[in-house]
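K.L.:
This structure is in structure tokens; I'll ask about it shortly.
The values are calculated or read from the model by the stated rules, or taken from the named source; none is laboratory data. For clarity, every value in this text was computed on a predicted model and none was experimentally measured. Using ideal geometry, Cβ is built from the backbone for each residue, glycine included, and neighbour counts are taken over all protein chains shown. Please note that ligands, DNA and RNA were not included when accessible areas were found on the heavy atoms of the full protein model with its side chains. Shrake-Rupley method; radii C 1.70, N 1.55, O 1.52, S 1.80 Å.
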Amino acid sequence: RVIREAIKRKDANRAGLKSLEFDFFSKDIFLSSGKVAMISEKFSTGYYQAGKEEKVITRSLHISENEKKNALKFGMNILNRMYIDFAKDTLEIIGNKVFLPLAHNAFEYYDYHLKEVKQSGSFHDFFIEVIPRSKIQPLLKGTIVIEDSSYSLKSIHLLNNAGLRFPFINDLNIELVQNN
């Protein structure tokens, strides 16, 4: 019932979104032959405005010493943008079309399990486990939190399933965390 209501209201909940400013942290760890080949951490501020290209200002960047000495530089961003609207139906991750947990047809791809309900002021937060129905289709698994006053998505903590693949990379692990 909670997921159906969130899907029903998602377009209305984001109708007024014209622009936003957000801070984010990203961490990339690349392994080669079981050993760390590179670690990079980035703290940035992003600016989103509907209909315009996203702007990102990097506040701090740390790259491991072994990568600084390496002639091959990794300039890879697995997403084509930093701001992700998880109320949309799909997300492209390195060429894979991923159906999101609040897609209009989400019940074709996911099962849901209510894990917990917590009081948050005068409202309730529903902690819902997202369970992919396929190991082959690129999907996400983890937890989403939906707030009951507007049935809007309050936060996510999602990981990729085995269906998300990228050529020449084994054991791809992506973790997406967003708090509103």
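K.L.:
Taking the Cβ-Cβ separation of Asn170 and Glu108 as r and a Förster radius of 35 Å, what is the calculated FRET efficiency to the nearest 0.05? Write out the running numbers ahead of the final one.
P.N.:
Details: r = 28 Å, r/R0 = 0.81.
Taking R0 as 35 Å, the efficiency between Asn170 and Glu108 is 0.80.
K.L.:
Quick one: go through segment 141-180 and flag any residue whose amide nitrogen is under 17 Å from the point 7 Å out along the Cα-to-Cβ line of Arg14.
P.N.:
Residues 144-147, 150-158, 176-180 fall inside that zone.
K.L.:
Given the rule -39500 (n - 2.57) for each run of at least 4 DSSP H residues, summed and divided by the residues of the chain, what is its mean residue ellipticity at 222 nm, to the nearest 500 deg cm²/dmol? Don't jump to the answer; show the numbers that get you there.
P.N.:
On the way: 2 runs with 17 residues, N = 180.
Helices in the chain give a 222 nm mean residue ellipticity of -2500 deg cm²/dmol.
K.L.:
Let me ask you something else. Can you order the peptides 160-173, 126-139 by their average number of other Cβ atoms within 10 Å per residue, highest first?
P.N.:
126-139, 160-173
K.L.:
If you don't mind, another one. 7 Å from Cα along Cα→Cβ at both Lys88 and Glu21: what's the point-to-point distance in nm?
P.N.:
2.4 nm
K.L.:
For the cross-link pairs Lys97/Lys141; Lys55/Lys154; Lys118/Lys141; Lys10/Lys42, which exceed 26 Å when the distance is taken from alpha carbon to alpha carbon?
P.N.:
Beyond 26 Å: Lys10/Lys42.
K.L.:
Only one of the values (i) 9.9; (ii) 10.8; (iii) 12.0 was calculated from this structure for mean projected area of the Cα convex hull in nm²; name its label.
P.N.:
This structure yields the entry labelled (iii).
K.L.:
Of all accessible surface on the chain at a 1.4 Å probe, what whole percent is carbon and sulfur? Present the calculation step by step, with values, prior to reporting the outcome.
P.N.:
On the way: 5840 of 11440 Å².
Answer for the chain is 51 percent, counting heavy atoms of protein chains only.
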